[in-house]
Amino acid sequence: MKRAWTFFLFVAVAAWGAAFAQPGSQIVIGLQAEPVTLDVAQLSDYNSSRTAMPMFEGLVRFADGSTDVEPALAERWDVSDDGLVYTFYLRPGVTFHDGTPVNAEAVEFSFERQTDPAHPYHDTGTFPYAEFTLGNIASIEVVDDLTVRLTLRENFAPFLSNLGMHAAALVSPTAVMASGADFSENPVGAGPYRFVSWRRGVEVVLERNPDYWRVTPQVERLIYRPIVEDQARLAALEAGEVDLAVNLPPDDLPRLRSDARFTFAEQAGMHTWYVVFNVTKEPFDDARVRQAVAYAIDRQAIVDAVLGGTGVLAKNFLPPVVWGYTEDVPEYPYDPERARELLAEAGYPDGFEVEFWVPASGSGMQQPVAMGTVIQDYLSRVGIEATIQQFEWGTYLDRVIVPVETADTVPAMFQMSWIGDNGDPDNFLYILLSGDQFPPFGFNLGFYANPEVDAILREARTTSDHDARVTLYEEAQRLIMADMPVVPVDHETQIVIHRTGIEGFVPHPTGVFRFEKVEVSAP
């Protein structure tokens, strides 16, 4: 009787969730820029990730509110004693949005499509995260329909965390085979929402997946609208044209906080906003020049005046919320006189001219034009005349994420931001600053390479001893900040503003938006 009652209660709760899903409900999200792609394997920016990720799921996922790994399409897994073999057991009965089964062959297809140049569908895209996320997999074995075995080339400490990242999400093989290179226009995954339409420059529409295995999403429709201008996005929010927005003008935030129509959802972000130097080009092939730029910029003033306190000063490249962070690194307080001394030592007593690239808006870029203009002014005070060039976000990424063979096409100095994907230091320090991670294998966009740093970062990702990894990452941070291949300016506080009628929305540390447990009331 007790077992029967438990089963009845489970069925009743499931039926209640489906019955009380909110018909006709929707949330309109104001994005900073147009998504670049909706193919989960090709994501490399916030706007694309925030739009695409509700459609997809992987073997594992990050728990709500944290980067703790929990089961997803795999209900459990085993790891061999030597740490090289991972066996995943998939949930039975789960399907992609096109009705095809989520099975071991779909895992094999999703991973090998990205990593194997000989795969028949490898030419359906470019996969910037593939090497970082999946490159350590030596073989994939389909044991049976619901069991898949992954064998690694070497012990790899962040592997499970990497499998929670977007590049490890599963795609429908049938859909990829049908759409080919146009899969981005017709994405099919197994997430809580499914694709409806994409009108470029206007909106992307997703609808609730009633067959989602975890829970029935309450909100029926998600609409993502790109609104590049911050003031326009603010106006749309206040006019009720969008229900949720990010990166609004900092000067307007105090007023919005006092407006009962809006709710602030905030969290310290795994974010760093920074200036990249192309270290293959003069004058930034000299560390003294890079250090001079760091001393020349009053970064605290930028945080206070331009960002309105929506971030914290970056004393280090790694964000404080990521384990392994240390403040025992070389510091660069605002000191224009020291900047001039270093420039003179490097052979530039009168300064130099440089092109400085800035996106008009973009993923995690906060206030890129305003920040760029202030940096330009600070540099001029020490003799560095920076000429700003602006680009639309998608064009910007295409121009700065290029193979090392074409490094001469990348400007000597440009803006970038990074939001951590999995909470592991490897996801900042290795993918962004290792000499192994020049595009297209990673995002070391300034082509920085220090053999000592590279050796430390390789060792840190292949040892399972957590304390040893912390020690290694602390040393890597000290060396990196001494070399100054990038100037970290701030770590943004993640602020999402939505109308008060949206209930249950919680920012995720990775910056993606999760709506499956959100409910809405009338505006």
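So which residues in region 123-149 are touching a Lys or Arg at 6+ places or on another chain (Cβ under 9 Å), more than 13 Å from Ala106 (Cα to Cα) and either among the acidic types (Asp, Glu) or surrounded by fewer than 16 Cβ atoms within 10 Å (Cβ to Cβ) (or both)?
Ala138, Ser139
Mind listing whichever residues of region 398-415 are of a type in the set (S, T, N, Q) and in contact with a Pro (Cβ under 6 Å, 6 or more places away or on another chain)?
Correct list: Gln415 only.
Restricted to region 366-388, and to residues that are out of contact with any Phe, Trp or Tyr (no Cβ under 7 Å at 6 or more places or on another chain) and of a type in the set (A, V, I, L, M, F, W, C), which residue is nearest to Gly269 (Cα to Cα)? Walk me through it before giving the result.
Our first condition is that a residue be out of contact with any Phe, Trp or Tyr (no Cβ under 7 Å at 6 or more places or on another chain); within region 366-388, this holds for 367-371, 373-375, 377-383, 385.
Restricting the remaining residues to those that are of a type in the set (A, V, I, L, M, F, W, C) gives 369-371, 374-375, 379, 382.
Values: Val369: 21, Ala370: 21, Met371: 19, Val374: 23, Ile375: 23, Leu379: 28, Val382: 32 Å.
Only one residue fits best here, namely Met371.
Mind listing whichever residues of region 129-165 are free of Cβ contacts under 8 Å to residues at least 60 places away in the same chain, assigned to a strand (DSSP E or B) and within 30 Å of Tyr46 (Cβ to Cβ)?
Ile137, Ile140
Mind listing whichever residues of region 64-82 are among the small types (Gly, Ala, Ser) and at pLDDT 95 or above?
Answer for region 64-82, where residues must be among the small types (Gly, Ala, Ser) and at pLDDT 95 or above: Ala72, Ala74, Ser80.
Looking at Tyr396 and the list (1) closer than 25 Å to Gln300 by Cβ; (2) crowded, with 23+ Cβ neighbours inside 10 Å, which single condition is not satisfied?
Tallying (1) closer than 25 Å to Gln300 by Cβ; (2) crowded, with 23+ Cβ neighbours inside 10 Å, Tyr396 fails exactly one: (1).
Being closer than 22 Å to Pro158 by Cα, within 16 Å of the chain's Cα centre (by Cα) and in contact (Cβ under 8 Å) with a residue 12 or more places away in the chain is the requirement here; does Gly435 meet it?
On the way: closer than 22 Å to Pro158 by Cα: yes; within 16 Å of the chain's Cα centre (by Cα): no; in contact (Cβ under 8 Å) with a residue 12 or more places away in the chain: yes.
No.
Just checking, which of Val358, Val374, Val369 is in contact with a Pro (Cβ under 8 Å, 6 or more places away or on another chain), farther than 15 Å from Glu282 by Cα and not in a loop (DSSP other than H, G, I, E, B)?
It is Val358.
Can you confirm whether Glu516 is more than 30 Å from Glu241 (Cβ to Cβ) and of a type in the set (Asp, Glu)?
On the way: more than 30 Å from Glu241 (Cβ to Cβ): no; of a type in the set (Asp, Glu): yes.
When the stated conditions are applied, Glu516 does not pass them.
What number of residues within region 471-507 are out of contact with any strand residue (DSSP E or B) (no Cβ under 7 Å at 6 or more places or on another chain) and either surrounded by fewer than 20 Cβ atoms within 10 Å (Cβ to Cβ) or assigned to a helix (DSSP H, G or I) (or both)?
Total satisfying the criteria: 13.
It is to be established whether one or more residues within region 246-258 are closer than 24 Å to Leu397 by Cβ and in a strand (DSSP E or B).
Yes, there is a match, as at least one residue in region 246-258 is closer than 24 Å to Leu397 by Cβ and in a strand (DSSP E or B).
Can you name every residue in region 217-236 that is touching a Lys or Arg at 6+ places or on another chain (Cβ under 9 Å) and assigned to a loop (DSSP other than H, G, I, E, B)?
Hits for region 217-236 are Pro217, Gln218, Ile227.
Looking at region 456-470, which of its residues are surrounded by 13 or more Cβ atoms within 10 Å (Cβ to Cβ), of a type outside the set (Lys, Arg) and assigned to a helix (DSSP H, G or I)?
Correct list: Ile456, Leu457, Glu459, Ala460, Ala468, Val470.
Return the residues of region 24-38 that are of a type in the set (Val, Ile, Thr) and in a loop (DSSP other than H, G, I, E, B); say none if nothing qualifies.
Residues satisfying the conditions are Val36, Thr37.
Here's the yes/no breakdown for (1) assigned by TED's automatic domain parsing to the domain that holds Asn278; (2) of a type in the set (Lys, Arg); (3) within 30 Å of Met413 (Cα to Cα); (4) in contact with a helix residue (DSSP H, G or I) (Cβ under 8 Å, 6 or more places away or on another chain):
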site	(1), (2), (3), (4)
Val470	yes, no, no, no
Glu475	yes, no, yes, yes
Leu479	yes, no, yes, yes
Pro485	yes, no, yes, yes
His498	no, no, no, no
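Per-residue answers, yes or no, for (1) of a type in the set (S, T, N, Q); (2) in contact (Cβ under 8 Å) with a residue 40 or more places away in the chain; (3) under 30 Å from Thr406 (Cβ atoms); (4) part of a helix (DSSP H, G or I):
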{"residue": "Asp285", "(1), (2), (3), (4)": "no, no, yes, no"}
{"residue": "Gln291", "(1), (2), (3), (4)": "yes, yes, yes, yes"}
{"residue": "Tyr295", "(1), (2), (3), (4)": "no, yes, no, yes"}
{"residue": "Val312", "(1), (2), (3), (4)": "no, yes, no, no"}
{"residue": "Trp323", "(1), (2), (3), (4)": "no, yes, no, no"}
{"residue": "Glu327", "(1), (2), (3), (4)": "no, no, no, no"}
{"residue": "Leu342", "(1), (2), (3), (4)": "no, yes, yes, yes"}
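Can you tell me which residues in region 359-380 are in contact with a helix residue (DSSP H, G or I) (Cβ under 6 Å, 6 or more places away or on another chain) and over 21 Å from Gly309 (Cβ atoms)?
Correct list: Pro359, Gly362, Ser363, Leu379.
The values are calculated or read from the model by the stated rules, or taken from the named source; none is laboratory data. This structure is a prediction, so every number in the text was calculated from the model and none was measured. Here the Cβ is made from the backbone with ideal geometry for all residues, glycine too, and neighbour counts use every protein chain on show.
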